[in-house]
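Here the structure comes first, spelled out in structure tokens, and everything after it is commentary.
The values are calculated or read from the model by the stated rules, or taken from the named source; none is laboratory data. Treat the numbers as computed from the prediction; the structure is a model and nothing was measured. With ideal geometry, Cβ positions are generated from the backbone for all residues, glycine too; neighbour counts draw on all protein chains shown.
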Amino acid sequence: MVRNWRFLMVILAFCVSCATQPGEIETPITNIPRSVSTPASLSLSGSAFGRKLLGQNEQGRERMILSEFRAGNVPEFMRHFSRVRFISQTRSGRSVEVTLYVLPDYLSIGNDSDYLRLPMTPLTAQAIADHYGLFLPTVKIVDAIYRAASVKLDPRPFKPGPQMVSVGEMVRHNSVVQSSLKTKIPAGIVAGHKKDIVISNLLLRKPNRVAIYGWHLRSGTAIQPLTTVHGNWYADYS
């Protein structure tokens, strides 16, 4: 998602770990402040923010996205983490149980009744994560999140082309994803509908790139293998 960004606690979203049971919604609550400069009743809804983004260039779009997240304009349900557990191995081969706290969906702006999932560049995603003291996921964590998700949606790819990076396509894809949900707010962790910006050692050899992975099928296979083909300025609807 690129992404999209799911964060962990350690991870903020774009956008979650696995186990044999679905994640449980519990504390902690994301330390995202309600806007202090703008009354909640005047905060932009997802639809209104999408319209505001239309016509912006990439730099303007990213500045506006970052500003809204720093102001705390996020849905209430995105202030709560889900606990996810999975078994992993250390480099020495020892098995360990990993516990993560993950946001239920990809980063969104707005309120519970009208919110917009926002693809963004990895630079913006990392700035938001740093602001709230959270982390981006790895490939292994993205797989674990998908296994743990209680709501698994099918990928909904659009026709490839230069329009993929437009705000219009981002807004349209959000509408398609939202129509796939049975409820306005996901009942637990939702996955499969976006790709993830991930942390990867590949970036040590390929600086100034974005690492993208995900968009899982019901089989658990990711349509998008780990790639660093795009620069760190890149973001499209998926």
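Below are the figures for this structure:
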{"item": "Odd one out for V36, checked against (1) more than 13 Å from I109 (Cα to Cα); (2) at pLDDT 95 or above", "result": "(2)"}
{"item": "Total residues in segment 194-238, condition more than 13 Å from V142 (Cβ to Cβ) and crowded, with 24+ Cβ neighbours inside 10 Å", "result": "4"}
{"item": "Filter result (in a helix (DSSP H, G or I), in contact with an Asp or Glu (Cβ under 7 Å, 6 or more places away or on another chain) and more than 20 Å from A125 (Cβ to Cβ)) within segment 40-69", "result": "S47"}
{"item": "Qualifying positions in segment 81-96 - surrounded by 10 or more Cβ atoms within 10 Å (Cβ to Cβ) and out of contact with any Ser or Thr (no Cβ under 7 Å at 6 or more places or on another chain)", "result": "S82, S88"}
{"item": "Enumerated helices (runs of 4 or more DSSP H) restricted to segment 100-187, each holding at least 1 residues that are touching an Asp or Glu at 6+ places or on another chain (Cβ under 7 Å) and not small (G, A, S)", "result": "122-132, 139-148"}
{"item": "Filter pass, V198 being among the aliphatic types (A, V, I, L, M) and closer than 28 Å to K52 by Cβ", "result": "no"}
{"item": "Count of segment 165-211 residues which are within 14 Å of the chain's Cα centre (by Cα) and of a type in the set (K, R)", "result": "2"}
{"item": "Single condition I29 does not satisfy, out of (1) surrounded by 17 or more Cβ atoms within 10 Å (Cβ to Cβ); (2) under 19 Å from the mean Cα position of the chain (by Cα); (3) at pLDDT below 50", "result": "(1)"}
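Residue-by-condition table, conditions (1) surrounded by 15 or more Cβ atoms within 10 Å (Cβ to Cβ); (2) more than 15 Å from L107 (Cα to Cα); (3) at pLDDT below 95; (4) of a type in the set (D, E):
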site	(1), (2), (3), (4)
K159	no, yes, yes, no
K182	no, yes, yes, no
I185	yes, no, yes, no
A191	yes, no, no, no
